[in-house]
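Taking it in order: structure first as structure tokens, then the write-up.
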């Protein structure tokens, strides 16, 4: 999931994509205003992407677990 839209398709919202875009631009703007090296922006975006993938995976597992428990 990047910016609220899953890469495999099927889920996600326009609002989520807008929030993701704003988050990336906010990080970029903050680092530029702080006069941080441009490589740190790449690092921050990489961390954000990894966090999004892990969070998406975890939420998928939790949702499947909740569905299984609901059917018992």
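The values are calculated or read from the model by the stated rules, or taken from the named source; none is laboratory data. What you see is a predicted model; the values in this text were computed from it and never measured. Neighbour counts run over all protein chains shown; Cβ positions are idealised from the backbone, glycine included.
Yes/no matrix, rows are residues, columns are (1) more than 24 Å from residue 58 (Cβ to Cβ); (2) touching a strand residue (DSSP E or B) at 6+ places or on another chain (Cβ under 8 Å); (3) at pLDDT below 85:
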{"residue": "6", "(1), (2), (3)": "no, yes, yes"}
{"residue": "14", "(1), (2), (3)": "no, no, yes"}
{"residue": "17", "(1), (2), (3)": "no, yes, yes"}
{"residue": "20", "(1), (2), (3)": "no, yes, yes"}
{"residue": "29", "(1), (2), (3)": "yes, no, no"}
{"residue": "33", "(1), (2), (3)": "yes, no, no"}
{"residue": "36", "(1), (2), (3)": "yes, no, no"}
{"residue": "39", "(1), (2), (3)": "yes, no, no"}
{"residue": "43", "(1), (2), (3)": "no, no, no"}
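The residue that is nearest to the chain's Cα centre (by Cα), among those in the stretch 46-58 that are modelled with pLDDT of 85 or more and more than 15 Å from residue 20 (Cα to Cα), is 54.
When residue 35 is tested against (1) outside any helix (DSSP H, G or I); (2) surrounded by 10 or more Cβ atoms within 10 Å (Cβ to Cβ), exactly one condition is not met: (2).
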